Amino acid sequence: MTITFDKLELRQGEFSLTADLQIEEGHKIALLGPSGGGKSTLLSALAGFNTPQSGRILWRGEDITGTHPAQRPVTLLFQDHNLFPHLSAAQNIGLGLRPDLKLSRAEHDTVEQALEQVGLKGQGAKRPAQLSGGQQQRVAIARALLREKPILMLDEPFAALGPALKHEMLDLVGAIVDAAKATLLMVTHQPEDALHISDQTLLIAEGKAHAPQDTRTLLANPPLVLRNYLGT
């Protein structure tokens with residue numbers, strides 16, 4: 001079962017990106033390449049926020065190119081968390097279950113379990129401003145977890161965190177993805193992050209998204225465009 005970008009072309013002004021590749025389910029995949037190369041653009045297309053100029057996106061053989069974002073099998077988590085400041089941590093997480101927040105007793109229990117899973121037991125009543133940056137990320141991850149989508153996409157979600165906290169968050173995401181048997185696609189500019197969490201890396205450079213490769217193999221012998229980007 002796969003995600004397929006079938007002769008896909010994406011355009012934004014003078015920029016264009018092509019993708020003709022498949023991603024097998026169950027992998028943790030880093031999207032690596034120069035700034036402005038199209039990493040976020042590709043995720044946005046898969047999420048349904050960027051309409052292709054041509055080509056198709058298929059999920060398990062079904063064409064989802066014209067499917068509404070809410071109906072797609074993906075959760076997209078951005079660096080800025082997208083938390084609502086007037087809602088508590090528990091309410092922000094509850095949005096992953098019901099946008100109207102009319103939660104049943106069982107759903108409230110599910111939210112509490114999600115808080116505990118991401119290490120925020122007892123913090124549900126706090127608003128985002130009362131939480132640290134790392135705690136806010138945990139809330140966003142918990143909400144993404146409750147959506148139970150088979151594809152989790154992260155767009156540089158931990159770029160603002162220090163190395164120790166970043167590794168802790170990467171380990172948490174990896175454990176959640178493994179437990180859910182989900183597929184992870186994560187945009188990063190840091191090869192060490194790719195090595196830390198991903199078994200495959202998808203290089204995006206010079207207007208093209210390349211097929212996923214084994215992360216350690218790719219970084220041990222990077223092509224010229226990636227060597228230039230990494231400064232090696």
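The values are calculated or read from the model by the stated rules, or taken from the named source; none is laboratory data. Computed from a predicted model, the values in this text were never measured in an experiment. Neighbour counts run over all protein chains shown; Cβ positions are idealised from the backbone, glycine included. Heavy atoms of the whole protein, side chains included, go into the accessibility calculation; ligands, DNA and RNA do not. Shrake-Rupley method; radii C 1.70, N 1.55, O 1.52, S 1.80 Å.
Within the stretch 19-69, the set of residues being in contact with a Gly (Cβ under 8 Å, 6 or more places away or on another chain) and open to solvent by 50 Å² or more (accessible area, probe 1.4 Å) comprises Asp20, His68. Taken over the stretch 98-119, the residue count meeting the criterion of being in a helix (DSSP H, G or I) and of a type in the set (Ser, Thr, Tyr) is 1. The sole residue among Ala160, Ala175 that is out of contact with any Gly (no Cβ under 7 Å at 6 or more places or on another chain) and either within 23 Å of Leu21 (Cα to Cα) or small (Gly, Ala, Ser) (or both) is Ala175. Being among the acidic types (Asp, Glu) and either in contact with a Cys (Cβ under 8 Å, 6 or more places away or on another chain) or open to solvent by less than 80 Å² (accessible area, probe 1.4 Å) (or both) is the filter here; which residues of the stretch 101-124 pass it? Once the filter is applied, which keeps residues that are among the acidic types (Asp, Glu) and either in contact with a Cys (Cβ under 8 Å, 6 or more places away or on another chain) or open to solvent by less than 80 Å² (accessible area, probe 1.4 Å) (or both), the stretch 101-124 yields Glu107, Asp109. Taking residues in the stretch 103-114 that are touching a residue at least 12 places away in the same chain (Cβ under 8 Å), and partners anywhere that are open to solvent by 50 Å² or more (accessible area, probe 1.4 Å), the pairs with Cβ atoms closer than 8 Å and at least 6 places apart or on different chains are Glu107/Leu97; Glu107/Arg98; Thr110/Leu97; Val111/Leu97; Glu112/Lys121. Of the residues contained in the stretch 201-213, none is found to be touching a His at 6+ places or on another chain (Cβ under 8 Å) and over 15 Å from Leu226 (Cα atoms). Of Ala211, Ala220, Ala159, all but one fail to be out of contact with any Pro (no Cβ under 6 Å at 6 or more places or on another chain), modelled with pLDDT under 90 and not hydroxyl-bearing (Ser, Thr, Tyr); the exception is Ala159. Whether any residue in the stretch 144-154 is of a type in the set (Val, Ile, Thr), modelled with pLDDT of 85 or more and in contact with a strand residue (DSSP E or B) (Cβ under 6 Å, 6 or more places away or on another chain) is what I want to check. Yes.
No other residue among Leu76, Leu46, Leu31 is in contact with a Leu (Cβ under 8 Å, 6 or more places away or on another chain), among the aliphatic types (A, V, I, L, M) and at pLDDT below 95 apart from Leu76.
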